[in-house]
Amino acid sequence: MTRYHFMDSLRGFALFGILLVNVLDITDTSAVAAGSALLDYTVQSRFVPIFTLLFGVSMFLVADGARRRGVGAWQPLVCRLLGLGLIGVVHSLAFWGDILRFYAIAGLLVLPLVVWAPALVNTVVGCALTVLSFGFLGAGIDSLPGLLLVGAGAAQLGLPALMEKSVVPGVALACVAGVAVIPLMMSYISAGAGDPRFSLPGALAGLAMALTYIGVLALGWHWTPVRAALRAVFDPLGRMSLTNYVSASFVVLAAAWAFGLFEADSVYPAIGVAVVVIAAQSVSSRIWLSNFRYGPLEWILRAVTWRARPPFRRDSAHLSMADAG
């Protein structure tokens, strides 16, 4: 199965943004600390939607990989989601805000549609649930089922392959979402701004900016120098996103104790730690993947998904057809 390198780079980009948010929660940096407003306008609520959409894409790819193997999609997906939830429980020991447990629950809820429903149904139902969440509910955990279905529907429609090869989806997304960002950001600011995770105007502005980020990144992907830079920095991060997401929390927690980052009066020391961690993970992921096919947690999750021991080292057997899953 073809690997979608743009999806990997986008996942790595989202991981970087998520760590910028998580590091503030892990270090308990005050919401009124210097520099927090900048993160509220550019980072908070912008990257989890991207990560969630990509998780929906991966759910469909696993289901499609199961069909290509000639087996039912239910068991691999259930095993994968349960394994992810267990990893999330362990991760929550370092970071109370772990999202993996909620992905596992939301994934199980939408599993029947991902397995049985056609692309149009998943896309329409996903969009409807997303509108309900961002328009009337809290736009928090309740947004996950809708975004997962939108991601799965997009994968069914072939959008990952199209974005890999064509600039058109990026142009359309950047233009539409970019125009929507302006009034939504004005509404969010008029409502008093603050942490966008705790207000519907902020969440709506965050979703529009998340889609704009995807579109802009897709545009850059089709300009060769930018694509080379994106792949060099974010592709390794994305291919080992689970390992990097979990391990970063333990590293940041240790750094917070070592450097006294708790209750700091500025977000900048925590941001500095996040940038150093993500840079180190990008380099170490590239080195790791030059010797191994998967990150450690990716390998474990893959073994749980397919209930078989997959090849690990680069000198082992060829990749199976479901490698994208």
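Just a few scattered comments:
- Every pair of residues 6+ apart whose Cβ atoms lie under 7 Å, when the first sits in the range 71-95 and is within 15 Å of ALA106 (Cβ to Cβ) and without any contact (Cβ under 8 Å) to a residue 40 or more places away in the chain while the second is part of a helix (DSSP H, G or I) and of a type in the set (D, E, K, R): GLY85/ARG101; GLY88/ARG101
- Unique match (being of a type in the set (Ser, Thr, Tyr) and either more than 17 Å from LEU211 (Cβ to Cβ) or within 17 Å of the chain's Cα centre (by Cα) (or both)) among SER133, SER190: SER190
- Boolean, ASP8 is outside any helix (DSSP H, G or I), out of contact with any Pro (no Cβ under 7 Å at 6 or more places or on another chain), among the acidic types (Asp, Glu) and touching a residue at least 40 places away in the same chain (Cβ under 8 Å): no
- Any hit, the range 156-168, residues being closer than 22 Å to SER45 by Cα, part of a helix (DSSP H, G or I) and either in contact with a Gly (Cβ under 7 Å, 6 or more places away or on another chain) or hydroxyl-bearing (Ser, Thr, Tyr) (or both): no
- Annotation note: Cβ proximity below 9 Å between a residue of the range 213-238 that is without any contact (Cβ under 8 Å) to a residue 60 or more places away in the chain and among the aromatic types (Phe, Trp, Tyr) and a residue that is surrounded by fewer than 20 Cβ atoms within 10 Å (Cβ to Cβ) and in a helix (DSSP H, G or I) (sequence gap 6+ or interchain) occurs for no pair.
- Scanning the range 210-243 for residues that are surrounded by 20 or more Cβ atoms within 10 Å (Cβ to Cβ), more than 29 Å from LEU297 (Cβ to Cβ) and of a type in the set (A, V, I, L, M) yields a total of 0.
- The range 180-217: number of residues that are hydrophobic (A, V, I, L, M, F, W, C) and within 19 Å of LEU132 (Cβ to Cβ): 11
A quick yes/no check of all residues on (1) surrounded by fewer than 20 Cβ atoms within 10 Å (Cβ to Cβ); (2) in a loop (DSSP other than H, G, I, E, B); (3) in contact (Cβ under 8 Å) with a residue 12 or more places away in the chain; (4) among the small types (Gly, Ala, Ser):
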residue	(1), (2), (3), (4)
GLY135	yes, no, yes, yes
SER143	no, no, yes, yes
LEU148	no, no, yes, no
ALA154	no, no, yes, yes
VAL171	yes, no, yes, no
MET186	yes, no, no, no
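- Of all the listed residues (LEU219, LEU242, LEU204), the sole one being within 20 Å of GLY12 (Cβ to Cβ) and under 18 Å from the mean Cα position of the chain (by Cα) is LEU242.
- Taking the range 66-83 as the range and being outside any helix (DSSP H, G or I) and closer than 21 Å to LEU297 by Cα as the test, no residue passes.
- Residues satisfying the criterion are present in the range 87-99 (criterion: in contact with a Gly (Cβ under 8 Å, 6 or more places away or on another chain) and outside any helix (DSSP H, G or I)).
- Condition broken by ALA264, with the remaining ones in (1) part of a loop (DSSP other than H, G, I, E, B); (2) hydrophobic (A, V, I, L, M, F, W, C); (3) touching an Asp or Glu at 6+ places or on another chain (Cβ under 6 Å) satisfied: (3)
- GLY158 vs. criteria under 20 Å from ARG11 (Cβ atoms) and without any contact (Cβ under 8 Å) to a residue 12 or more places away in the chain: yes
- Only one of the numbered conditions (1) out of contact with any Phe, Trp or Tyr (no Cβ under 7 Å at 6 or more places or on another chain); (2) buried (at least 20 other Cβ atoms within 10 Å of the Cβ); (3) small (Gly, Ala, Ser) is not met by ALA256, and that is (1).
- Number of residues in the range 34-65 that are in a loop (DSSP other than H, G, I, E, B) and over 20 Å from the mean Cα position of the chain (by Cα) equals 1.
Every number here is computed from the coordinates shown, using simple stated rules; none is lab data. Keep in mind that what you see is a predicted model, and the values were worked out from it rather than measured. Glycine also receives a Cβ, built like all others from the backbone with ideal geometry; neighbour counts cover every protein chain displayed.
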